[in-house]
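Heads up: the structure comes next, in structure tokens.
The values are calculated or read from the model by the stated rules, or taken from the named source; none is laboratory data. Given the structure is predicted, the values throughout are model-derived calculations rather than measurements. Cβ atoms come from the backbone with ideal geometry, glycine included; neighbour counts cover every protein chain shown.
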Number of protein chains: 2
Amino acid sequence: MRGAMSAEVLPLRARGSQPTLAPMLALTAPGMNSVNAVILDRMQSEIPLIPALAGHLISGGGKRMRPMLMVAAAEVCGYQGTRHHKLAAAVEFLHTATLLHDDVVDGSDMRRGKAAANIVFGNPATVLVGDFLFTRAFELMVEDGSLKVLKVFSKASSIIAEGEVDQLTAQRRIETSEEHYLQIIGSKTAALFAAATRIPAIVAEKSEAEEQALDSYGRNLGVAFQLVDDAIDYDSEASESGKDKGDDFREGKMTLPVILAYARGTAEERKFWEEAIAGFRTEDEDLAHAVKLINRHGCVEATRERARLYAQRAIDSLSIFPAGAAREAMCEAVEFAVARRY
Amino acid sequence: MRGAMSAEVLPLRARGSQPTLAPMLALTAPGMNSVNAVILDRMQSEIPLIPALAGHLISGGGKRMRPMLMVAAAEVCGYQGTRHHKLAAAVEFLHTATLLHDDVVDGSDMRRGKAAANIVFGNPATVLVGDFLFTRAFELMVEDGSLKVLKVFSKASSIIAEGEVDQLTAQRRIETSEEHYLQIIGSKTAALFAAATRIPAIVAEKSEAEEQALDSYGRNLGVAFQLVDDAIDYDSEASESGKDKGDDFREGKMTLPVILAYARGTAEERKFWEEAIAGFRTEDEDLAHAVKLINRHGCVEATRERARLYAQRAIDSLSIFPAGAAREAMCEAVEFAVARRY
């Protein structure tokens, strides 16, 4: 679809200038007030543990990236209504549910810079409140009443769940290929971004081409975002992220920096990776060694380079939409996502 | 609604005769073949762990009670179509997802007479495959395409999730009242039974009265079923159930037999219960003592007596439907559910 309706080329910002989220934040501020009101209203329950645990994560420094992208996508579609506010809350609830279950599955200690919900409330409550948010997400989608939206959302949720299981299966398996890794992040991360940005086009009754363009924007941004996330976990120059640095390493996750370092490594280095991914090298000095190997072979930069390719695709997808503040903000948000170091 | 459209009284079977599931099994056999085909087809995935883990539970001796009730409810509505087969598979997937998460939450060892999925596959895989079945349930519901059905189903799923959290909150709390207990089982168990039996009435385009009648049938049967389940865990005359006997006791679950034994107990007995529910009495001899106290005060029989009240309500709900094999089978299934000792 890209380029079919426009010859315009939207280049990635020139090296040196600093993309920011400011235009996106300004564009979406009014819409996000409404979305946040729905989120706060609909995470309530007569069972006090539910808002307590959900609020721990939801109020806990989340960027609300997916709802923000939905508000921006509604803008770029020229949508004047408010249906997407409830739908954006639903997407955030689904995302929050997956984070809660991820933290149980990974035994995480930290999330968004503070103790993870499973640490504060225990695994049982975290699993069950995750389930609750999941059902609440579907309730909100059903309330909206569009079967077309429901199809996109339920399909995405099922792909995410499959991707999570696929990731678990690939864990501690040194033979995981780059292709398999891309498939995993396409499912576990990019599918929800794609649904999030596609749904406003459906609500705004835009053409199939515009729906697909926004799907492509979200999907490619999602892949780029996850690639950068995975790069940061091994980036010696990156500041602390919200999660514990080295989590991926200790959990034996086969992310792209490791896949590349293993492919590019010497026999001795490969032996190290085999032991590390199998779970026999979990000390701080092992992590430091891993970071050294990954940087020796330029694997953080190579991962970021791939992220920039997907970012360019995301930006190109928007060329069928009219130029203006919404499209500009969505492009700069992509640039921001791939340039970030935290 | 009961009795409004008919003066007929459908009594519980006289003491002494043995109700069986045979009429229900005969009535639903053809429909269940189709439901089972959907279940097997839709639990597939390219990620081998998904059918392996889901199949462990789904093929593992489940009674498929909810799908069976849906097929029977479709019959009593005179429904000639096949839409309820897919919807019944969706209900079974949702139920299976909750069982998988329950087993993780409770740290169960056994389920349906064999090792629980969390023991065989680990907690992470069990949580994530539960999520997958959950999303697949919604996909099937969305495929059917009825917003009215989706509303009933999504509302029920959210009530179930709330009930599960509520149960967790009540665990190890000796002060849990009978009323609170009834609310918990109304949510965690009866809500899905009610949705299951209501949905065929919607699909068959029956009147609101008939929808409500089948909702009431499922809801009351669900409460009765759970009461009997909870009684059996302390019934010295009951044969082994599929789960470990004494699980409820060791987990500090405040089920009705315990609530009654605590209310009826001496000061010394109450002290025992306080220690046991708090988790300080988990030996086999403690369980034996608990069973003795519960039976001394007739609490298994009192729990069963309450179950019979709900069972009678379930049966009465059906009086607006025409007499015939379907209604007879649904009545006898209720009697069977409350009379069972395993």
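Does at least one position in region A:141-159 carry a residue that is modelled with pLDDT of 95 or more, within 7 Å of chain B (Cβ to nearest Cβ) and in contact with a Gly (Cβ under 8 Å, 6 or more places away or on another chain)? Yes, because at least one residue in region A:141-159 is modelled with pLDDT of 95 or more, within 7 Å of chain B (Cβ to nearest Cβ) and in contact with a Gly (Cβ under 8 Å, 6 or more places away or on another chain). Among what's in region B:35-56 and is of a type in the set (Gly, Ala, Ser) and surrounded by 17 or more Cβ atoms within 10 Å (Cβ to Cβ), pick the residue that is nearest to B:ASP103 (Cα to Cα). Top of the filtered list is B:ALA54. Restricting the first member to region A:303-332 and to residues that are under 17 Å from A:PRO200 (Cα atoms), and the second to residues that are buried (at least 21 other Cβ atoms within 10 Å of the Cβ) and hydroxyl-bearing (Ser, Thr, Tyr), the beta-carbon pairs closer than 9 Å and six or more apart or on different chains are A:ALA314/A:TYR217; A:SER317/A:TYR217; A:LEU318/A:TYR217; A:ALA329/A:THR28; A:MET330/A:THR197; A:MET330/A:TYR217. The condition of being over 28 Å from A:GLN44 (Cβ atoms), buried (at least 24 other Cβ atoms within 10 Å of the Cβ), within 13 Å of chain B (Cβ to nearest Cβ) and not basic (Lys, Arg) holds for only one of A:VAL165, A:VAL105, that being A:VAL165. Filtering B:ARG308, B:ARG304, B:ARG341 for residues that are out of contact with any strand residue (DSSP E or B) (no Cβ under 6 Å at 6 or more places or on another chain) and outside any helix (DSSP H, G or I) leaves a single hit, B:ARG341.
When B:LEU99 is tested against the conditions (1) under 20 Å from the mean Cα position of the chain (by Cα); (2) surrounded by fewer than 24 Cβ atoms within 10 Å (Cβ to Cβ); (3) within 8 Å of another protein chain (Cβ to nearest Cβ), the lone failure is (3). Scanning region A:65-82 for residues that are surrounded by 22 or more Cβ atoms within 10 Å (Cβ to Cβ) and among the small types (Gly, Ala, Ser) yields A:ALA72, A:ALA73, A:ALA74.
If you go through region A:168-188 and keep only what is away from chain B (no Cβ under 13 Å) and touching a residue at least 40 places away in the same chain (Cβ under 8 Å), you end up with A:ILE174, A:THR176, A:SER177, A:GLU178, A:TYR181, A:LEU182, A:ILE185.
Going by what's in this entry, would B:ALA29 be described as at pLDDT below 95, out of contact with any His (no Cβ under 7 Å at 6 or more places or on another chain) and exposed (fewer than 12 other Cβ atoms within 10 Å of the Cβ)? No; evaluated as a whole, the condition is false for this residue. If you go through region B:108-131 and keep only what is under 18 Å from the mean Cα position of the chain (by Cα) and within 14 Å of another protein chain (Cβ to nearest Cβ), you end up with B:SER108, B:GLY130. When restricted to residues that are among the aliphatic types (A, V, I, L, M) and either closer than 19 Å to A:PHE225 by Cα or loosely packed, with under 14 Cβ neighbours inside 10 Å (or both), region A:271-321 contains 10.
Here B:MET68 meets each of (1) within 14 Å of chain A (Cβ to nearest Cβ); (2) among the aliphatic types (A, V, I, L, M); (3) in contact (Cβ under 8 Å) with a residue 24 or more places away in the chain; (4) more than 24 Å from A:ASP166 (Cα to Cα) with one exception, condition (1).
Within the set A:ALA88, A:ALA125, the sole residue that is touching a residue at least 24 places away in the same chain (Cβ under 8 Å) and closer than 19 Å to A:SER157 by Cβ turns out to be A:ALA88.
Tallying residues that are of a type in the set (S, T, N, Q), in a helix (DSSP H, G or I) and within 21 Å of the chain's Cα centre (by Cα) within region B:247-299 yields 0. Is it the case that A:TYR181 is buried (at least 21 other Cβ atoms within 10 Å of the Cβ) and touching a Phe, Trp or Tyr at 6+ places or on another chain (Cβ under 9 Å)? Judged against the criteria, A:TYR181 is not a match. A:GLU208 falls short on exactly one of the conditions (1) closer than 30 Å to A:ARG281 by Cα; (2) of a type in the set (D, E, K, R); (3) without any contact (Cβ under 8 Å) to a residue 12 or more places away in the chain, and that condition is (1).
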